[in-house]
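Colleague: The structure's right below; bear with me while I get my questions together.
The values are calculated or read from the model by the stated rules, or taken from the named source; none is laboratory data. The structure presented is a predicted model; accordingly, all values stated were derived computationally and were not measured. Here the Cβ is made from the backbone with ideal geometry for all residues, glycine too, and neighbour counts use every protein chain on show. Surface areas here come from the heavy atoms of the whole protein model, side chains and all, with no ligands, DNA or RNA. Shrake-Rupley method; radii C 1.70, N 1.55, O 1.52, S 1.80 Å.
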There are 2 protein chains.
Amino acid sequence: MSVRLGIDIGGTWIDAAAVEVTSSTHRVLAQRAVRTTSGPEGVLAGLRSAYELVRAELGDVPVDGVGIGVPGIVTGGSVTHAVNLGIGGRPLDLAAAARELTSAPVLVENDVKAAAWGASRWLGSASGAGQDLALLNVGTGLAAGLVLDGVLRRGSRGLAGEIGHLVIDRTGPPCPCGKRGCLELYASGGGLARRWTGSAGELMAAAELGDTLAQTVRDDLVVGLAQAVRILVQATDVAEVVLAGGVVTSTPALQAALLAALRDHGDSGFERMLAVHERVRWLPEDYPAGSVGAALLSQVGSAPGDLVDTAPA
Amino acid sequence: MSVRLGIDIGGTWIDAAAVEVTSSTHRVLAQRAVRTTSGPEGVLAGLRSAYELVRAELGDVPVDGVGIGVPGIVTGGSVTHAVNLGIGGRPLDLAAAARELTSAPVLVENDVKAAAWGASRWLGSASGAGQDLALLNVGTGLAAGLVLDGVLRRGSRGLAGEIGHLVIDRTGPPCPCGKRGCLELYASGGGLARRWTGSAGELMAAAELGDTLAQTVRDDLVVGLAQAVRILVQATDVAEVVLAGGVVTSTPALQAALLAALRDHGDSGFERMLAVHERVRWLPEDYPAGSVGAALLSQVGSAPGDLVDTAPA
């Protein structure tokens, strides 16, 4: 048994969790969150606060590792290009900051990859599954994390699963990235907020009542999400695709529409074998995959070659 | 050192190669090809002929394994849904047929996955690279094979890399699969043949001279190929994408257009890190990746868990 801390740095909240890990299970002992302040200094201060709050809850229990999940590109223990945190091209060394707080080993990973690992452990404890999945995170942006045959896939440059800026309509609107018609313009919380003032549930209801703007935005959202799921399945043949992010996990009407769109692809032998809609799962809204995944990754590492899970589900 | 036979069953030719494998290299000892006859009986007869021709060239050298690559869905030693071979939903047991020819171990794998393994060995012997790649096969159809961190990725249902029937234009022409606007309608040899009578080289030349049909077909081909490469890179972050198939490997003007399309995606930090165009390689036209890959796979196996390469490059 060991106790590990995971800290998930998001654009709005920094979530911290203390996780007790045995040889076959994990259990959240404590959870705390603090508001994110943008910019390097704000992020570092938030990291310290979240760590200290959840550490204090543990009392004198020793901590065996600390994992940090952060949006952006992670190299070594540093992050760059975390636009939602106000961190640009200059690396912010989160590992060094965490080492000032603890003598336990520290691991820093991209937040969606950490959440994929958390989702893998969640499915694994629930059903013996979870060894082969994509976590599709529908947040401010759109990105996926992959666990393939039980191993977290970082990719050759740490960019595996970064499908949000695939162009799906070259005549579409401009994207902040400089291209046009990127997938995440249609299929993300941020993309939705630019086109519709209200929740995804209100969008679905308005579309159902005949609002033509709502219908257009809804159709683009459903088609975009379906395309994201299909790209992940057809490129990698992952056994499961776990959707995360309040836009989908708190909107049953959107879930139903997405499943219908995935099913509605003809009846060829190939489509029957592919059975994309059968692979879809919804991450429970209250499961903190990001912080739990970061905590559990601190146990197994995430560099190629050292990801040996010592706590099989 | 061992000698292995690989047989690549294609829609037009069945290629057989005898490969000598040492602990660090491989060398093609003999190669033969016979014309494919469609249908189960024709395919089995061709398999036997190709095997016997290349076996005869070897004289009394013992063979340590036989690998067979075949388009379609491979389960156990059987293939289904090999449309180009006239094989439908009823399994054709190629392993059993091969066991009548040899007492050596037999392995059957999807042809593009076998070719990906061959491409991995080709790059590995050339440069120490090749451990992490997608082979994008631009043939009658469009499909990819993945080697991730040195391991062939079959996927949960053996369908990894089957990106040809991703819909990229829902208002596009009907596809034989029953959907509309599938990627392979635009970006494959078969798709090209339906729209243009002539080679890809002639297409590029006619487009350059101002033929508007040729320009449309060329632009769709280039955009489709670029999208296929990007989907593979952004979903999996493979270090290299190896393009195979005469349509691209024998058409320098098309290669130049594809690289330009991959480069022409703005100058964001993300695009610079992604550097998709830097990952592109062209399989040499005379390298028999399919039969060599099948031969080499017979050494390492391709089921999850048993793919342990005993001949590191």
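Colleague: With everything on Cα atoms, drop me the angle between helix A:252-263 and the longest principal axis of chain A, reported from 0 to 90° to the nearest 10.
Modeller: Once rounded, one gets 70 degrees.
Colleague: Enter the mean number of other protein chain beta carbons within 10 Å of the beta carbon of each residue in A:271-279, as an integer.
Modeller: The per-residue average across the peptide is 2.
Colleague: Angle check, please: helix A:40-58 long axis (alpha carbons) against the longest principal axis of chain A (alpha carbons), in degrees 0 to 90, nearest 10.
Modeller: The two axes meet at around 70 degrees.
Colleague: Determine ³J(HN,Hα), in whole Hz, for all residues of the stretch B:162-178 in sequence, where each value follows from phi through the Karplus function 6.51 cos²θ - 1.76 cosθ + 1.60 and θ = phi - 60°; x replaces Gly and Pro.
Modeller: Calculated HN-Hα couplings, in order: 7, 9, x, 9, 6, 7, 10, 8, 5, 9, x, x, x, 9, x, 6, x Hz.
Colleague: Only helical DSSP H runs with n ≥ 4 go in: add -39500 (n - 2.57) per run for chain A, normalise by residue count and round the 222 nm mean residue ellipticity to 500 deg cm²/dmol.
Modeller: When only DSSP H runs of four or more count, the value is -11500 deg cm²/dmol.
Colleague: Give me the Å³ per residue figure for the convex hull around the C-alpha atoms of the protein assembly as shown.
Modeller: Looking at the protein assembly as shown, the number lands at 151 Å³ per residue.
Colleague: Summing +1 for each Lys or Arg and -1 for each Asp or Glu, what net charge is found among the other residues whose Cβ lies under 13 Å from the Cβ of B:Ala214?
Modeller: That works out to -3.
Colleague: Still on this structure: Cross-link partners among aspartates and glutamates for B:Lys113, C-alpha distance below 14 Å, same-chain residues fewer than 8 apart left out?
Modeller: Those aspartates and glutamates meeting the cut-off are A:Asp237, B:Asp8, B:Asp132, B:Glu162.
Colleague: Next question. Nearest-to-axis residue of chain A, judged by Cβ, for the A-to-B rotation, with distance in whole Å?
Modeller: Per the A/B rotation axis, the closest residue of A reads A:Ala235, 2.
Colleague: What's the total accessible area buried between chains A and B, using a 1.4 Å probe, rounded to the nearest 100 Å²?
Modeller: Summing both sides, the interface buries roughly 3700 Å².
Colleague: Now for a separate question. Taking A:Leu213 in one copy and the same position in all the others, each labelled 7 Å out along Cα→Cβ, what are the pairwise distances from the first, in nm, shortest first?
Modeller: When each copy's label point is compared with this one, the spacings are 4.6 nm.
Colleague: With a bin width of 10 angstrom, please list the P(r) values of chain B as percents of all Cα-Cα pairs, from the 0 bin to the one holding the largest distance.
Modeller: 6, 28, 34, 23, 8, 1, 0
Colleague: What distance in nm separates the two pseudo spin-label positions at A:Thr12 and A:Ala45, each 7 Å out from Cα along the beta-carbon direction?
Modeller: In this crude label model, A:Thr12 to A:Ala45 measures out at 2.1 nm.
Colleague: A follow-up question, please. Treat every Asp and Glu Cβ in the stretch B:116-282 as -1 and every Lys and Arg Cβ as +1, leave all other atoms uncharged, and give the resulting dipole magnitude about the Cα centre to the nearest 20 debye.
Modeller: Dipole about the Cα centre, nearest 20: 540 debye.
Colleague: Going by alpha carbons, how many degrees (0 to 90, nearest 10) lie between the helix axis of A:111-127 and the longest principal axis of chain A?
Modeller: The angle comes out at about 90 degrees.
Colleague: Where does the stretch B:157-286 land on the Kirkwood hydrodynamic radius, alpha-carbon pairs, in angstrom?
Modeller: 15.4
Colleague: Just to confirm the numbers: B:Trp13, label point 7 angstrom along the Cα-Cβ line, distances to the other copies in nm, shortest first?
Modeller: 6.1
Colleague: Oh, and also: Between copies, how close do the A:Ser24 label points come, placed 7 Å along Cα→Cβ, listed in nm from shortest?
Modeller: Ordered by increasing distance: 4.7 nm.
Colleague: What does the charge dipole of chain B about its Cα centre add up to, to the nearest 20 debye, if the Cβ of each Lys and Arg holds +1 and the Cβ of each Asp and Glu holds -1?
Modeller: 560
Colleague: Also: Could you list the trypsin sites (Lys or Arg not before Pro) in the stretch A:165-242 that lie in coil according to DSSP, counting only those with at most 16 other Cβ atoms within 10 Å of their Cβ?
Modeller: Here the trypsin sites (Lys or Arg not before Pro) that fit, given the DSSP loop and packing criteria, are A:Arg170.
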